[in-house]
1. Name the residues in the stretch A:79-131 that are of a type in the set (Asp, Glu), under 21 Å from B:Thr103 (Cα atoms) and more than 9 Å from every other protein chain (Cβ to nearest Cβ), would you?
2. Looking at B:Asn116, B:Asn139, which one is touching a residue at least 40 places away in the same chain (Cβ under 8 Å), surrounded by fewer than 21 Cβ atoms within 10 Å (Cβ to Cβ), under 19 Å from the mean Cα position of the chain (by Cα) and under 23 Å from B:Leu234 (Cβ atoms)?
3. In contact (Cβ under 8 Å) with a residue 60 or more places away in the chain, of a type in the set (Gly, Ala, Ser) and crowded, with 16+ Cβ neighbours inside 10 Å, is that true of A:Ala56?
4. A:Tyr107: in contact with a strand residue (DSSP E or B) (Cβ under 8 Å, 6 or more places away or on another chain), modelled with pLDDT of 95 or more and not in a strand (DSSP E or B), yes or no?
5. Quick check, is A:Thr61 at negative phi, hydroxyl-bearing (Ser, Thr, Tyr) and within 15 Å of the chain's Cα centre (by Cα)?
6. Residues being under 23 Å from A:Ala49 (Cα atoms) and touching a residue at least 24 places away in the same chain (Cβ under 8 Å): count how many of those fall in the stretch A:217-267.
7. Given B:Leu32, B:Leu53, which one is out of contact with any strand residue (DSSP E or B) (no Cβ under 7 Å at 6 or more places or on another chain), away from every other protein chain (no Cβ under 14 Å) and at pLDDT 95 or above?
8. When the residues of the stretch A:153-167 are filtered to those that are surrounded by 21 or more Cβ atoms within 10 Å (Cβ to Cβ) and over 19 Å from the mean Cα position of the chain (by Cα), which remaining residue is nearest to the other protein chains (Cβ to nearest Cβ)?
There are 2 protein chains.
Amino acid sequence: MNRQELIDQIQQKKSFLCIGLDVDLAKIPTYLLSEEDPIFEFNKQIIDATHQLAVAYKPNTAFYEAYGIKGWLALEKTINYINAKYPEIFTIADAKRGDIGNTSSRYAKAFFEDLNFDAITVAPYMGKDSVEPFLDFENKNTILLALTSNKGGMDFQTLKTPENELYKSVLKTSLTWKNSDNLMFVVGATRPEYFKEIREIVPNHFLLVPGIGAQGGDLQSVCKFGLTKECGLLINSSRSIIYAGKEKDFALKAQQEALKIQQEMEIILNY
Amino acid sequence: MNRQELIDQIQQKKSFLCIGLDVDLAKIPTYLLSEEDPIFEFNKQIIDATHQLAVAYKPNTAFYEAYGIKGWLALEKTINYINAKYPEIFTIADAKRGDIGNTSSRYAKAFFEDLNFDAITVAPYMGKDSVEPFLDFENKNTILLALTSNKGGMDFQTLKTPENELYKSVLKTSLTWKNSDNLMFVVGATRPEYFKEIREIVPNHFLLVPGIGAQGGDLQSVCKFGLTKECGLLINSSRSIIYAGKEKDFALKAQQEALKIQQEMEIILNY
């Protein structure tokens, strides 16, 4: 999917919500456990109930790998389901991969070609040649970790470097890489005060913002500094939406939670 | 596997060789492609031919993910084969994972419990709570990226931070984390001059050293500064061993390459 198609979808749905599909068998309604593939069944119902309110879905690969081959099959079925039934949806593999060049190429092939995700999250620590193999793919997006929302995000990302802090060095340096137009960045919602300075470095790139909801971030303050004229934000919420209900009506409960956020987003977009 | 068992194995085999199982179907002998599981068949033959010369095997997960479900099955069969037939071998999932705490726990479960690897490589960018879930596991090893051997390793890892350079901050800070005795570190062989300063920070931790062979690193100069009295090094070689031959005798060719390195290591250990 190209950038304009994503922007069109945001304008049409009046939403920039991304729903994280982090499926934990201990948290889904117990009646689903007797299904042949409970993870996929859960995802399917969540997606069917929320696809008009969200522009993106983001399965975190860790939750699938934790279930071995069965988990990978569920991931494959989930992405195939979205691509077949809702091709307008932007899909993100939250995989946080990154390795030496010939190895990163393998990950890029796995997620962009075989699974046909629109985007993948990538860790920056190994630098240019670990990221460029992802950027090579046309109409695919590489979402680089910049400033993450977890506590440990402050251990190294905000260390002072000669010109600024590490996460700003990551932002600035990545803009010099080949096909840097295909970049987006992960910036945690738990630090809305950082968005102003980040927008000075990357005024137009999309930012994927986790941390709204269970992690405690605030939508209004993120948008105050992070929003661009094309929106430029994808706000992710996982647990607070997908685990809003624990009974047979869990998908309806998820829809209600997503609707609350979408309505807040509609006001912000119209403002 | 605990540290002492690894050291015992090194002393017994007079080797600190780790063989990278980075299987590319385009590079393995073509006659294997008619097998039901060519990747596993290739690995099995390589392992059977080299297990007396190597103390560790390190499949890079990217090469398996690139083949989807079939790749994951081949990875599962490979680790199960090693654990069943050669339980003394130290196994490393070269996965370079790392995410927020509850997600890193998922990766730890997948690789330490379900697949039963002895070790996994982890990226440090997200800090303490992204790594500690791996360190929680007793008799399992978390190999943190410190200074990698690729060109992009210099983009951020050697940036000056207030006290030193980023990779040294990673080393020092990680020693303050819970269960830091379970840490090992990735340090690339292409920069042997760095080993002296690294050993001042981590005098006893094991270092996993990629970059000997195809990436051009030099065993002698790495050992000069990196070796400890318990060895403290695992030297990885992937392509130069596993692709030494392209015909039916490929496993024998791999054995001959591994033997050359093992003999060099024996001299170094006796010195």
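1. Selection gives nothing.
2. That would be B:Asn139, the only listed residue that is touching a residue at least 40 places away in the same chain (Cβ under 8 Å), surrounded by fewer than 21 Cβ atoms within 10 Å (Cβ to Cβ), under 19 Å from the mean Cα position of the chain (by Cα) and under 23 Å from B:Leu234 (Cβ atoms).
3. Yes.
4. Here the answer is yes, as A:Tyr107 does meet what is asked.
5. The answer is yes for A:Thr61.
6. 28
7. B:Leu32
8. Filtering first and then ranking leaves A:Asp155.
The values are calculated or read from the model by the stated rules, or taken from the named source; none is laboratory data. If you're wondering where the values come from, they're calculated on a predicted model, not measured in any experiment. No Cβ is skipped: glycine too gets one built from the backbone with ideal geometry, and neighbour counts run over all protein chains shown.
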